[in-house]
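Down below is the structure, laid out as C-alpha cells.
The values are calculated or read from the model by the stated rules, or taken from the named source; none is laboratory data. Just so you know, these numbers come straight off a predicted model, no measurement behind them. Virtual Cβ from ideal backbone geometry, glycine too; neighbours counted across all protein chains shown. The accessibility values were calculated without ligands, DNA or RNA, using every heavy atom of the protein model including side chains. Shrake-Rupley method; radii C 1.70, N 1.55, O 1.52, S 1.80 Å.
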Amino acid sequence: RRVHGGIALVRKMNEVIQDVDVDWTVRLPPCCASVAMKLEKWIAKSLVYISTNYFRLHFAYFTSVALAGSIVLLASEGYRGVGYADSLFTSVSAVTATGLSAIDFSAFTTFGQFVVMVLMIIGSPILMLVPPIVIRRLHYRQTFLNARRRRHNLFTDSNSDSDILPPSEKDELEYRALGQLLWCVLFYYFFYLLVAFLVLGIYVSTSSYASDMMNKNGVNGWWFSLFHTVSAFNNVGFTLFSDSMVQWSSDCFVLVLSMLLIVGGNTAFPIFLRFLISLLSKVSTDPAATRYLLEHSRTCCTHLFPHRQTRTLGIILVTILMIQIVAFLSLDFYEPYIDGLSVFDKVVVAIFQSVSTRTAGLNAVDMAKLNEAMLVLFIVFMYVSSYPAVLTMKQTATLNASSKTHTTENGVSSNVPVETEETRLIGAVADLPAYQQVKLFFQRLLYRDMIWIFSTLFVITAVENKRARTDRNFGTFYIFFEVVSAYGTVGLTLGYPNTVPALSGQFHILSRMVMILLMLTGRHRGLPHVLDIALQADTATERLIRYNTVHRLDSRIHNDQQQQQQQQ
C-alpha cells in the first residue's frame, strides 16, 4: 500500500520535474558514468554541508574576498605609497559595507576605485540572499531527480528503497516559490541600481551646478553616477569626493535620490521586497507559488517577513527616523556650519543625515562640527542600526519554529517547525508572548555586542594611550565613535584635523588590525549562528519527517519524566 501510494504521489510531480534530466548518466560512456554518479553524490553532500555550516562559510567567504581584494589594491595603488595594511583595511571596509578609509580614497586610480566598487557588489547584503535560495533549489532538483529514478526502480528492482517518501505537492509549490523569489531578488537589485544610475547620470550631465562640481573635482560625471549609486545602494559610504557629500548639501535632488538608494538597499529592503512580491501576485502566471511565498515568507527567505511583522518593522523605522530628524533640527538648526543653507535645505540635510546614520555612513555636514549631544545620539543609533531587522528575523524564525503543525489532506504540514540548537534554546520560552521573546533576544544581542565593542575600545585605547594623552582630537570619545561606527558597519567618522581619511588612518597598525576584525565581526552580527529555517537544504517533506521524529522523542521523554515523578 505504501509503495502504490508513493507511486501515486510521484506521478503528480511529473509536470514539475520534466525539466530535470534523470537519465543523463545513462547516455554517458561507461567510463564516465561512474564519475558522473560520484560527482552527483558529492554535490548532494556539499549542499548539506553548506547549509549546516552557513555562518562559518559566510565568514570565510568575506575573509577570502577581502584578502584577494587587498592584493589587487596593493598591486594597483602600491606605487603611490599605499601599504598592504591600508589596502587590507580598504578592502575589508568595502566588502563588509562599512565605508571607513584609512587613506584618501578620492585619490585612488580609476582601476582601484573600480576594484572597490566590485568588492561592494560582491559583499552586498541583498545579493548574499541568493546563494541560500540557489542551494535550496538545487537540493529540490536533486530530490526530484532521485524520485524519478526511484519510480523507475520500483518496477525493475525488488530491493529498491521504498521507505523513502517521494516529494509532496508542497515540495513542488515551494520549489516554484523559491524560483520566483530568486528572480524577484535579482530583479529588485539590478533594476533599482539601473534606474538610479540613469537618473543620476542624466541629472549630473544636464545640471550646470553638478557639471561644475565634477570639473572642480576632476571626476567624470557618469563614473561618479555609477560609483555613487552602487555605494549608496549597498550602504557602504565610499565617495569619489574627499569630503563625502558635503559639497552636495545644497543640492536636494542628489540628497533625496541618495536617501532612496540607502533606504531601498538596507533598512527598508524587507518592506520593498514584500511589496514587490505583492505586485507580482496580481500579474503572476503562477499565482499559487506567489501566494505560498507571501503566506510562508519566512520559510523561504530570512529577510522576507509576514505582513504583520513587515508593517511593525516599517513603523519602527519611521519612528527612529523621526526621532533623529527632530533632534537634529532642535540641536543643530542654528549652528554656524549650516548658516549658508536655506531652511528647506537644512530640513533635507537633517533627513539625509538621519537616514544615512543608520547604516550608510555618508555625511552632508562636517561630523566634527555637530552638537556633541547629537553625536551621542548618533552613537546610539549606529549601535542599534541592525536591531529592528535582526529582531524581526529572530522573532519570525521563533514563530516558525515554535508554531504548531497543521496537516493537510495530502499529509503535509503547512507550517513545519525545524529542530535546531536555536529552537532548543528558545524552547523553554516558546510559549511566552512575542514581545517577551523579542526582549530576550534583545538582551542577548546587547550582551554580545557590548563585549565586542568595549574589548576593541580597550585594546585601541591601550595602544594609542600616549597620543591620546597629548592630543585632544584623539580622545576616548573620538575613538569610541569610530569603534561603534565600524562595528555597526556604518562608516561615519569624526576624522582628524587637516586630514581627509577617517580617524582610523591615524591609528597604529595594531589598532587598524583590530578594527579590521571588528568590521568583519560587525558584518556578521545579524547572521544566524545556527540553522535558520530559510537556510536549510531540505524539502518541506523532510522537515515534516524530522519534526515528527523529534516531536515523538520529546513526547516520550516528557511521558517518562511524568511517570518517574508519579512513582516518586
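With the structure loaded, tell me whether LEU377 is within 26 Å of the chain's Cα centre (by Cα), touching a residue at least 12 places away in the same chain (Cβ under 8 Å) and under 14 Å from VAL256 (Cβ atoms) or whether it fails that test. Don't jump to the end; show me each part of the working.
Working: within 26 Å of the chain's Cα centre (by Cα): yes; touching a residue at least 12 places away in the same chain (Cβ under 8 Å): yes; under 14 Å from VAL256 (Cβ atoms): no.
Taking the combined requirement at face value, the residue does not satisfy it.
Can you name every residue in segment 464-500 that is assigned to a loop (DSSP other than H, G, I, E, B), in contact (Cβ under 8 Å) with a residue 12 or more places away in the chain and not acidic (Asp, Glu)? Don't jump to the end; show me each part of the working.
Going through segment 464-500, the residues assigned to a loop (DSSP other than H, G, I, E, B) turn out to be 464, 471, 475, 488-500.
Subset that is in contact (Cβ under 8 Å) with a residue 12 or more places away in the chain: 464, 488-497, 500.
Passing the criteria: GLY488, THR489, VAL490, GLY491, LEU492, THR493, LEU494, GLY495, TYR496, PRO497, VAL500.
Every residue in segment 304-340 that is open to solvent by less than 40 Å² (accessible area, probe 1.4 Å) and closer than 21 Å to SER385 by Cα, please.
Selection gives LEU304, PHE305, GLN309, THR310, LEU313, GLY314, LEU317, ILE320, GLN324, ILE325, ALA327, PHE328.
As an exercise: evaluate THR319 against (1) closer than 19 Å to GLN395 by Cβ; (2) assigned to a loop (DSSP other than H, G, I, E, B); (3) among the β-branched types (Val, Ile, Thr) and give the number of the one condition it does not meet.
Result: THR319 fails condition (2) only.
Name the residues in segment 507-516 that are outside any loop (DSSP other than H, G, I, E, B) and open to solvent by less than 20 Å² (accessible area, probe 1.4 Å), would you?
Here is the first cut: in segment 507-516, the ones outside any loop (DSSP other than H, G, I, E, B) are 509-516.
Matches in segment 507-516: SER511, MET515, ILE516.
When GLU372 is evaluated against the numbered criteria (1) out of contact with any helix residue (DSSP H, G or I) (no Cβ under 6 Å at 6 or more places or on another chain); (2) surrounded by fewer than 18 Cβ atoms within 10 Å (Cβ to Cβ); (3) closer than 29 Å to ARG311 by Cα, which criterion, by number, is the only one it fails?
Condition (3) is where GLU372 drops out.
If you scan segment 293-303, which residues turn out to be hydrophobic (A, V, I, L, M, F, W, C) and open to solvent by 20 Å² or more (accessible area, probe 1.4 Å)? First the steps, then the outcome.
From segment 293-303, those hydrophobic (A, V, I, L, M, F, W, C) are 293-294, 300-301; that's our starting set.
Result: LEU294, single match.
Considering each of LEU527, LEU544, LEU535, LEU553 in turn, give the residue that is modelled with pLDDT under 75 and surrounded by fewer than 16 Cβ atoms within 10 Å (Cβ to Cβ).
The unique qualifying residue is LEU553.
Could you check GLY81 against (1) at pLDDT 90 or above; (2) open to solvent by 30 Å² or more (accessible area, probe 1.4 Å); (3) closer than 21 Å to ILE509 by Cβ and say which number it fails?
It is condition (1) that GLY81 fails.
Of the conditions (1) more than 20 Å from PHE59 (Cα to Cα); (2) surrounded by 19 or more Cβ atoms within 10 Å (Cβ to Cβ), MET519 clears all except one; give me its number.
Against the list (1) more than 20 Å from PHE59 (Cα to Cα); (2) surrounded by 19 or more Cβ atoms within 10 Å (Cβ to Cβ), MET519 comes up short only on (1).
Just checking: which of the helices (runs of 4 or more DSSP H) contained wholly in segment 204-272 hold 3 or more residues that are open to solvent by less than 40 Å² (accessible area, probe 1.4 Å), touching a residue at least 60 places away in the same chain (Cβ under 8 Å) and of a type outside the set (Asp, Glu)? Steps first, answer last, please.
Numbers: elements: 208-217, 221-233, 252-262.
Counting at least 3 such residues, we get 221-233, 252-262.
One line per residue, one yes/no per condition, for (1) of a type in the set (Ser, Thr, Tyr); (2) modelled with pLDDT under 85:
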| site | (1), (2) |
| --- | --- |
| GLN113 | no, no |
| LEU119 | no, no |
| ILE122 | no, no |
| ILE126 | no, no |
| SER160 | yes, yes |
| PRO166 | no, yes |
| ASP171 | no, yes |
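Just wondering, is there one or more residues in segment 344-365 that are surrounded by fewer than 17 Cβ atoms within 10 Å (Cβ to Cβ), more than 30 Å from LEU304 (Cβ to Cβ) and out of contact with any strand residue (DSSP E or B) (no Cβ under 8 Å at 6 or more places or on another chain)?
Narrowing segment 344-365 to residues surrounded by fewer than 17 Cβ atoms within 10 Å (Cβ to Cβ): 344, 347.
Those left that are additionally more than 30 Å from LEU304 (Cβ to Cβ): 344, 347.
Adding the requirement that they be out of contact with any strand residue (DSSP E or B) (no Cβ under 8 Å at 6 or more places or on another chain) leaves 344, 347.
Yes, because at least one residue in segment 344-365 is surrounded by fewer than 17 Cβ atoms within 10 Å (Cβ to Cβ), more than 30 Å from LEU304 (Cβ to Cβ) and out of contact with any strand residue (DSSP E or B) (no Cβ under 8 Å at 6 or more places or on another chain).
Looking only at segment 77-112, count how many residues are among the hydroxyl-bearing types (Ser, Thr, Tyr) and free of Cβ contacts under 8 Å to residues at least 40 places away in the same chain. Before you say what the answer is, go through the steps one by one.
First pass over segment 77-112, keeping only residues among the hydroxyl-bearing types (Ser, Thr, Tyr): 79, 84, 87, 90-91, 93, 96, 98, 101, 106, 109-110.
Narrowing further to those that are free of Cβ contacts under 8 Å to residues at least 40 places away in the same chain: 79, 84, 87, 90-91, 109.
Qualifying residue count, segment 77-112: 6.
Counting just the residues of segment 476-506 that are surrounded by fewer than 14 Cβ atoms within 10 Å (Cβ to Cβ) and more than 20 Å from SER106 (Cα to Cα), which one comes out nearest to the chain's Cα centre (by Cα)?
Applying the filter and picking the extreme gives PHE477.
Only residues that are of a type in the set (A, V, I, L, M, F, W, C), open to solvent by 40 Å² or more (accessible area, probe 1.4 Å) and under 16 Å from VAL185 (Cβ atoms): list them for segment 116-130, please. Walk me through how you get there before you give the answer.
Within segment 116-130, the subset of a type in the set (A, V, I, L, M, F, W, C) is 116-122, 126-130.
After this cut, where a residue has to be open to solvent by 40 Å² or more (accessible area, probe 1.4 Å) as well, the list is 118, 121-122.
Within segment 116-130, ILE121, ILE122 qualify.
For segment 428-468, give me each residue that is more than 20 Å from ILE509 (Cβ to Cβ), open to solvent by 50 Å² or more (accessible area, probe 1.4 Å) and at pLDDT 75 or above.
Hits for segment 428-468 are TYR447, ARG448, MET450, ILE451, TRP452, PHE454.
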